[in-house]
Amino acid sequence: MRRNVPRKILVRAPNWIGDAVMCEPAVRGLRSLFPEAELTMLAKPPIADLFIAHPGLNSVVVYDDKGAHAGMSGKWSLAGMLRRHRFDLAVLFQNAFEAAFLTWLAGIPRRYGYATDGRVLFLTEPVAVPNGPVPVHQVEYYWNLLRPLGMAGRATLPALLVSADEGRMVDVRLASAGIDSSDLMIGINPGSTYGSAKRWLSDRFAEVAKRLVRRLEQAENARIAVIILGAKGEESLGEDIAAQLSGRSVVLSGATTIRELMAVVKRCRLLITNDTGPMHIAAAFGVPVVAVFGPTDWRTTAPYGQERSMVREAVDCAPCLLRECPIDHRCMTRITVDRVYEAAVQQLNGLSGLSRLSGQDKTDRRDQIDQTNILSGYTIFLDRDGTLNPDLGYINSPDQFELFPGVPEALARLKRAGARLIVVTNQSGVARGFLTRDDLDAVHMKLKHLLDGAGASLDAIYFCPHHPDNGCHCRKPNRGMIDQAVRECGVNLDRSYLIGDHIRDIELAKQIGARSVLVTTGVVPPQEAESLKASGPVPDWIASSLAEAAGWLLSDASKSSVQLRERQVAHP
């Protein structure tokens with residue numbers, strides 16, 4: 001493949017929303033493999049909407065198999081249009097026979113995909129389907145398809161993007177229903193277009209929502225609203241749950257476009273859901289999820305990066321993958337309200353500012369007082385992409401940049417404790433031509449604005465704009481940016497920490513003698529983090545979020561302070 005680098009690539013997306021979200025890291029991976037190529041995605045209408053603003057794609061072509069491209073004449077018309085694009089390569093993430101047949105009909109010379117569904121004759125480069133003893137997660141399944149093309153490493157977390165305008169439009173719509181932008185929103189997704197077997201009981205969804213609203217109203221100085229989501233045909237299910245709630249609720253079942261659904265889900269503080277597309281959308285936005293699993297295989301479709309949020313009953317007949325249960329639906333009926341509610345509380349407790357849910361209000365206030373100056377004189381070095389914000393590839397516009405949930409609050413907590421906050425980030429997209437320095441400055445202006453508003457102002461941002469082949473001294477894991485911070489900001493490396501999502505961040509921390517935290521929100525997924533202890537540079541702590549990292553860091557600094565005082569007492 002490297003001997004004949006493709007200039008124009010057609011990407012055939014999966015047909016289901018959840019599958020498409022799980023395919024997103026591979027789309028970004030394909031862009032990283034061929035940064036100069038023109039990438040066009042062919043997708044059915046809902047998936048086209050999902051990816052319409054994806055920064056790794058040059059364009060999206062809609063495959064309207066219910067309209068203009070229906071029947072053999074429609075396929076022929078679509079193939080003719082694709083032929084005129086003169087693609088060099090087709091990468092087929094969709095496994096169906098039709099995907100390979102269409103690209104053959106379009107005359108695309110290189111057709112690459114898994115050898116499934118009897119389509120090997122239409123593939124010029126078939127890839128053997130993984131056949132290990134344990135099924136791989138779908139995110140890794142799509143990622144691994146690219147390995148013969150040169151892909152290395154492990155799959156990253158899925159990440160999606162909605163524009164600021166889309167967010168504002170949803171805010172206006174919610175406001176018309178009485179939901180203010182400052183209200184705390186709990187999302188409920190009780191349906192499933194796949195079939196009734198995947199649905200937990202509607203009255204149990206309602207009971208969990210009622211309990212959460214009561215508890216949140218006691219713990220938070222904010223109004224609470226329940227947002228009920230669903231596809232067309234699930235309106236009555238949503239209305240039934242809303243009728244059981246005494247507080248404010250809005251039923252959006254069947255009443256949102258894909259883009260509107262994405263913006264609404266992003267607004268939620270928590271989503272309680274069956275195994276569905278919106279579950280994966282929430283995980284891709286970093287929204288905490290409680291996922292109820294029944295007949296489907298949790299090993300392949302659990303929310304990637306939030307696998308611990310899953311609630312399931314281990315019954316002999318699951319996973320059966322059936323649309324309708326032929327017996328007593330025990331995989332779902334045995335899952336109690338208490339289990340889902342407790343999982344929701346745990347997810348909320350992982351967010352900064354919500355630990356009062358478990359009755360720790362007084363303890364938290366005391367800890368905040370005790371930790372007021374615990375980080376005085378310390379510097380926290382922070383990676384950017386994958387640590388502070390979803391890594392979408394080369395972000396070249398402020399509209400593409402959003403922080404992970406809980407990041408401003410976590411950094412504000414460190415700032416209140418006296419820490420200095422400095423971002424150090426590799427930005428080779430400048431050298432590669434994907435963004436200019438002015439673009440990068442605009443993105444960093446938004447980053448500063450978001451953090452300033454939360455009381456978490458940054459002390460400096462250093463970036464390396466060079467190509468990886470340049471051999472510069474500033475690209476991590478080299479220490480050039482750190483040395484610059486030492487010169488310009490007077491950093492004491494003996495009192496420093498580094499938080500990042502990549503092995504190179506941990507390697508850099510070892511070089512400069514800083515304590516390190518690896519967050520599993522980016523390159524290194526949770527299931528791989530522990531293996532570093534045997535195979536790579538070992539971080540001092542592994543955290544599932546920046547909020548968790550901040551909590552450990554404060555605890556670690558507090559212990560160091562106590563040990564220092566003890567040594568001073570012992571040796572005055």
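The values are calculated or read from the model by the stated rules, or taken from the named source; none is laboratory data. Worth saying up front: this structure is predicted, and the values here are computed from it rather than measured. Note: ideal-geometry Cβ built from the backbone for every residue, glycine included; neighbour counts use all protein chains shown.
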Can we say L388 is modelled with pLDDT under 90 and within 26 Å of H444 (Cβ to Cβ)? no
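Each row is one residue, and each column tells you yes or no for (1) under 15 Å from D171 (Cα atoms); (2) surrounded by 23 or more Cβ atoms within 10 Å (Cβ to Cβ); (3) not hydroxyl-bearing (S, T, Y).
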site	(1), (2), (3)
R223	no, no, yes
I228	no, yes, yes
A231	no, no, yes
S236	no, no, no
A243	no, no, yes
V250	yes, no, yes
G254	no, no, yes
I258	no, no, yes
V264	yes, yes, yes
Only strands (runs of 3 or more DSSP E) wholly contained in the range 440-553 count here; list those with 1 or more residues that are in contact with a Lys or Arg (Cβ under 6 Å, 6 or more places away or on another chain), farther than 21 Å from T156 by Cα and at pLDDT 95 or above. 460-464, 496-500
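Taking the options G132, G107, G113, name whichever one is modelled with pLDDT of 95 or more, in the same structural domain as M72 (by TED's automatic domain parsing) and part of a loop (DSSP other than H, G, I, E, B).
Step by step, each of G132, G107, G113 is checked, and only G107 is modelled with pLDDT of 95 or more, in the same structural domain as M72 (by TED's automatic domain parsing) and part of a loop (DSSP other than H, G, I, E, B).
This table checks each residue for (1) at pLDDT 95 or above; (2) within 18 Å of the chain's Cα centre (by Cα).
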{"residue": "A219", "(1), (2)": "no, no"}
{"residue": "I227", "(1), (2)": "yes, no"}
{"residue": "L252", "(1), (2)": "yes, no"}
{"residue": "R259", "(1), (2)": "yes, yes"}
Sort through R28, R84 and tell me the only one that's in contact with a Leu (Cβ under 9 Å, 6 or more places away or on another chain), more than 18 Å from T257 (Cα to Cα) and not in a loop (DSSP other than H, G, I, E, B). R28
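If we keep just the residues of the range 138-170 that are more than 14 Å from the chain's Cα centre (by Cα) and in a loop (DSSP other than H, G, I, E, B), which is surrounded by the most Cβ atoms within 10 Å (Cβ to Cβ)?
Among those that are more than 14 Å from the chain's Cα centre (by Cα) and in a loop (DSSP other than H, G, I, E, B), it is L146.
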Provide a single number: the residues in the range 301-324 that are in contact (Cβ under 8 Å) with a residue 24 or more places away in the chain, part of a loop (DSSP other than H, G, I, E, B) and surrounded by fewer than 20 Cβ atoms within 10 Å (Cβ to Cβ). 6
Within the range 174-220, residues being in a loop (DSSP other than H, G, I, E, B), out of contact with any strand residue (DSSP E or B) (no Cβ under 7 Å at 6 or more places or on another chain) and surrounded by fewer than 16 Cβ atoms within 10 Å (Cβ to Cβ) number 7
Checking the conditions here, which among G254, G277, G294 is farther than 27 Å from T520 by Cα and either free of Cβ contacts under 8 Å to residues at least 60 places away in the same chain or small (G, A, S) (or both)? G254
Only one residue in A106, A99, A79, A48 is closer than 23 Å to D117 by Cβ, among the small types (G, A, S) and under 26 Å from the mean Cα position of the chain (by Cα), so which one is that? A48
Can you name every residue in the range 36-54 that is in contact with a helix residue (DSSP H, G or I) (Cβ under 6 Å, 6 or more places away or on another chain) and of a type outside the set (A, V, I, L, M)? P46, D49
Residue pairs meeting the criteria (Cβ under 9 Å; at least 6 apart or on separate chains; first farther than 15 Å from I374 by Cβ, in the range 536-560; second of a type in the set (D, E) and outside any helix (DSSP H, G or I)): I542/E530
In the range 88-147, what count of residues is obtained for those that are of a type in the set (S, T, N, Q), in contact with a strand residue (DSSP E or B) (Cβ under 6 Å, 6 or more places away or on another chain) and over 14 Å from L42 (Cα atoms)? 1
